[in-house]
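Peer 1: Below are the structure tokens for one structure; questions will follow.
The values are calculated or read from the model by the stated rules, or taken from the named source; none is laboratory data. Please read these numbers as outputs of a predicted model, since none were measured by experiment. No Cβ is skipped: glycine too gets one built from the backbone with ideal geometry, and neighbour counts run over all protein chains shown.
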Protein chains: 2
Amino acid sequence: MKFSSSPSLSISAILTKQQQTDATNEEIKKQAMEFKEYVLEKANSVNKALEKAVLLKDPLKIHESMRYSLLAGGKRIRPMLCIAACELVGGEGSTAMPAACAVEMIHTMSLIHDDLPCMDNDDLRRGKPTNHKIYGEDVAVLAGDALLALAFEHIATQTKGVPSDRIVRVIGELAKCIGTEGLVAGQVVDIISEGISDVDLKHLEFIHLHKTAALLEGSVVLGAILGGAEDEEVEKLRKFARCIGLLFQVVDDILDVTKSSQQLGKTAGKDLVADKVTYPKLIGIGKSREFAEELNKDAKAQLAGFDQEKAAPLIALANYIAYREN
Amino acid sequence: MKFSSSPSLSISAILTKQQQTDATNEEIKKQAMEFKEYVLEKANSVNKALEKAVLLKDPLKIHESMRYSLLAGGKRIRPMLCIAACELVGGEGSTAMPAACAVEMIHTMSLIHDDLPCMDNDDLRRGKPTNHKIYGEDVAVLAGDALLALAFEHIATQTKGVPSDRIVRVIGELAKCIGTEGLVAGQVVDIISEGISDVDLKHLEFIHLHKTAALLEGSVVLGAILGGAEDEEVEKLRKFARCIGLLFQVVDDILDVTKSSQQLGKTAGKDLVADKVTYPKLIGIGKSREFAEELNKDAKAQLAGFDQEKAAPLIALANYIAYREN
């Protein structure tokens with residue numbers, strides 16, 4: 001798998017309108033190129049680490065199933081956030097690599113289980129048939145379970161050079177963003193809300209903060225703790241991540257109604273078909289875009305106190321989330 | 001939920017034939033009464049701790065689903081093994097309580113997922129309808145996921161008074177016995193083997209060592225590490241647990257063909273219906289019983305070097321597993 005199967009990063013996709021106005025064309029091009037290199041390099045390292053973390057061994061079928069979804073060319077946004085947060089607070093990127101792999105394992109697990117016929121019943125994911133379509137529902141459930149457990153095993157056994165109390169703290173944070181205060185809470189409320197017509201913005205925000213923002217928050221917080229951040233820094237980065245988490249979902253909702261399945265690599269328009277409440281449905285596309293812009297701004301405000309050069313990857317990642325096209 | 005819904009412990013069920021021959025009737029009764037008290041006390045503490053670990057809060061449905069299966073009156077064998085191992089090596093039982101709860105959460109998660117229609121398709125568990133029968137398949141999958149994550153969160157955030165490096169080690173051990181070297185490996189090979197006629201003893205042992213013994217091993221090893229065991233002690237206890245783990249499954253196979261659904265609190269004879277290979281099918285009931293006796297003896301041999309008074313609960317638990325009636 002090559003990174004080229006991941007999103008292409010156009011200049012407009014990674015710089016805000018304000019930045020585009022302020023900077024000269026030359027500067028814009030330079031920044032975009034630098035970020036593109038950063039993304040390529042990090043995604044490459046993450047993909048190599050993930051490949052090594054789940055080798056093809058006995059029992060073959062379960063490892064094939066895990067690898068099928070884990071190595072399917074995801075954007076690796078969560079691992080990048082984890083590594084970038086670690087580096088921002090002065091840590092080495094390699095220190096956060098096991099945690100970076102772990103958040104991608106959790107993300108993949110949640111996709112496999114959410115795609116199941118008894119859940120969202122999705123046939124297409126990242127441009128390929130979903131896990132249960134290839135390996136059967138039984139193996140898909142188990143592959144998710146195995147990835148969930150492996151995430152914790154990987155952090156506990158592979159994180160090197162940091163005090164054990166940080167590792168324990170990181171494991172507590174990761175676990176929290178998966179269960180009934182995180183992913184699971186978001187998915188269960190999402191399921192219950194399907195077909196209900198009077199879902200309001202607060203309710204929608206609950207779903208997205210749990211279903212999407214929680215793991216992005218976890219990714220950033222894990223990296224920050226492993227990098228040795230002070231508590232105050234961790235909390236700022238937590239707030240940054242919650243903003244970009246919500247941003248991620250607002251953009252996802254917009255893309256679902258404005259792009260084709262081919263462009264997205266997954267079934268487009270499925271929110272409409274499933275009669276799901278989304279931001280465009282509640283406040284319209286225009287207001288949704290404004291809200292996205294506001295969240296992006298709020299996110300970056302949290303990074304103001306940090307070394308701006310070191311914060312550049314997180315700022316660029318926020319821009320990428322805001323202006324991505326799939 | 002009262003512990004009285006758990007297995008009644010007859011004298012013959014907790015003492016070996018040898019012990020029954022050696023001891024006077026009075027001694028037998030005294031030992032049995034002491035163990036019964038021990039079991040009642042520990043199960044009570046574990047049940048209280050589990051009740052507190054998963055409170056009924058928003059989102060209600062997922063917490064109801066988790067509590068439904070977690071607080072359904074299981075025998076609490078795994079938590080007891082965990083606490084008993086911790087006490088055996090000189091630790092306080094309370095130190096191991098979060099890990100004891102965690103292994104029960106993992107056990108419950110595996111039951112919920114294994115019972116799913118796409119897996120073993122079971123309607124009855126611990127005498128009640130299975131989780132998905134009450135809450136639907138989607139919520140059952142998520143309840144399992146949430147329990148899996150909570151197990152790690154509980155250990156990481158609730159374990160007190162031990163060095164962090166022990167907690168990290170314990171988390172690595174627990175994770176390993178869930179994934180593709182543990183429960184998941186056992187379940188996936190079990191599924192693949194259904195309907196295959198030429199499954200041999202080695203293959204059957206692989207399934208049981210992973211599907212059943214791994215988590216019993218984990219339970220004992222977690223307790224031992226938290227209690228401060230030396231590496232050599234951990235390995236002896238690991239071997240003890242693998243023996244009783246295999247023993248547990250051999251006895252389960254025997255019970256499946258000799259008891260009724262009512263006696264078991266779950267569907268009896270399902271191995272025969274599913275055309276699963278079992279010990280009775282491969283070597284007959286008589287030989288299966290002999291093998292169980294041998295495993296019980298091997299298990300206890302591992303405890304020879306420990307303080308025999310402190311080892312009494314583990315010895316009694318091994319006897320209970322060997323001679324249980326459901």
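Peer 1: Quick one: A:Gly73 ticks every box in (1) assigned to a helix (DSSP H, G or I); (2) more than 14 Å from chain B (Cβ to nearest Cβ) bar one, so which box is it?
Peer 2: Unmet condition: (1).
Peer 1: For the list (1) farther than 19 Å from B:Ala84 by Cα; (2) in contact with an Asp or Glu (Cβ under 7 Å, 6 or more places away or on another chain); (3) surrounded by 24 or more Cβ atoms within 10 Å (Cβ to Cβ), I need the number of the one condition that B:Lys211 fails.
Peer 2: (3)
Peer 1: Right, next: Considering only the stretch B:152-209, state which residues are hydroxyl-bearing (Ser, Thr, Tyr) and modelled with pLDDT under 95.
Peer 2: Passing the criteria: B:Ser193, B:Ser197.
Peer 1: Could I ask something else about it? With closer than 19 Å to A:Ile178 by Cα and of a type outside the set (Asp, Glu) as the only criterion, which of B:Lys176, B:Lys160 stands out?
Peer 2: B:Lys176
Peer 1: Separate question: Please indicate, with yes or no, whether at least one residue in the stretch A:235-249 is among the aromatic types (Phe, Trp, Tyr), modelled with pLDDT of 95 or more and within 15 Å of the chain's Cα centre (by Cα).
Peer 2: Yes, the conditions are met somewhere in the stretch A:235-249.
Peer 1: Moving on. Which residues, taken from the stretch A:294-305, are surrounded by fewer than 18 Cβ atoms within 10 Å (Cβ to Cβ) and either of a type outside the set (Asp, Glu) or under 22 Å from A:Gly91 (Cα atoms) (or both)?
Peer 2: Once the filter is applied, which keeps residues that are surrounded by fewer than 18 Cβ atoms within 10 Å (Cβ to Cβ) and either of a type outside the set (Asp, Glu) or under 22 Å from A:Gly91 (Cα atoms) (or both), the stretch A:294-305 yields A:Lys297, A:Ala301, A:Ala304, A:Gly305.
Peer 1: Further question on the same structure: Do any residues in the stretch A:43-70 that are more than 14 Å from chain B (Cβ to nearest Cβ) have Cβ atoms under 7 Å from those of residues that are surrounded by 13 or more Cβ atoms within 10 Å (Cβ to Cβ) and not in a helix (DSSP H, G or I), where the two are at least six apart or on different chains, and which pairs are they?
Peer 2: Once the first residue is more than 14 Å from chain B (Cβ to nearest Cβ) and sits in the stretch A:43-70, its partners that are surrounded by 13 or more Cβ atoms within 10 Å (Cβ to Cβ) and not in a helix (DSSP H, G or I) give A:Ala43/A:Ser6; A:Ala43/A:Arg76; A:Val46/A:Arg76; A:Leu50/A:Leu71; A:Glu51/A:Leu71.
Peer 1: Can you tell me which residues in the stretch B:149-158 are surrounded by 22 or more Cβ atoms within 10 Å (Cβ to Cβ) and more than 7 Å from chain A (Cβ to nearest Cβ)?
Peer 2: The answer is B:Ala151, B:His154, B:Ile155.
Peer 1: With the checklist (1) surrounded by 19 or more Cβ atoms within 10 Å (Cβ to Cβ); (2) aliphatic (A, V, I, L, M); (3) under 20 Å from A:Phe248 (Cβ atoms) in hand, flag the one item A:Ile62 doesn't pass.
Peer 2: Looking at each condition in turn, A:Ile62 falls short on (3).
Peer 1: Out of everything in the stretch A:106-147 that is at the interface with chain B (Cβ under 7 Å from one of its Cβ atoms) and not in a helix (DSSP H, G or I), what residue ends up being farthest from B:Cys118 (Cα to Cα)?
Peer 2: A:Met119
Peer 1: Does B:Ile83 count as in contact (Cβ under 8 Å) with a residue 60 or more places away in the chain, among the aliphatic types (A, V, I, L, M), surrounded by fewer than 24 Cβ atoms within 10 Å (Cβ to Cβ) and not in a loop (DSSP other than H, G, I, E, B)?
Peer 2: No: the conditions fail for B:Ile83.
Peer 1: In the list B:Leu303, B:Leu317, B:Leu215, which residue meets the criterion of being at pLDDT below 95 and not charged (D, E, K, R)?
Peer 2: B:Leu317
Peer 1: Residues in the stretch B:154-188 that are charged (D, E, K, R) and within 26 Å of B:Leu116 (Cα to Cα): how many?
Peer 2: Qualifying residue count for the region: 2.
Peer 1: Let me ask something else. When you go through (1) hydrophobic (A, V, I, L, M, F, W, C); (2) touching a Lys or Arg at 6+ places or on another chain (Cβ under 8 Å); (3) assigned to a helix (DSSP H, G or I); (4) away from chain A (no Cβ under 14 Å) one by one for B:Val103, which number turns out not to apply?
Peer 2: Tallying (1) hydrophobic (A, V, I, L, M, F, W, C); (2) touching a Lys or Arg at 6+ places or on another chain (Cβ under 8 Å); (3) assigned to a helix (DSSP H, G or I); (4) away from chain A (no Cβ under 14 Å), B:Val103 fails exactly one: (4).
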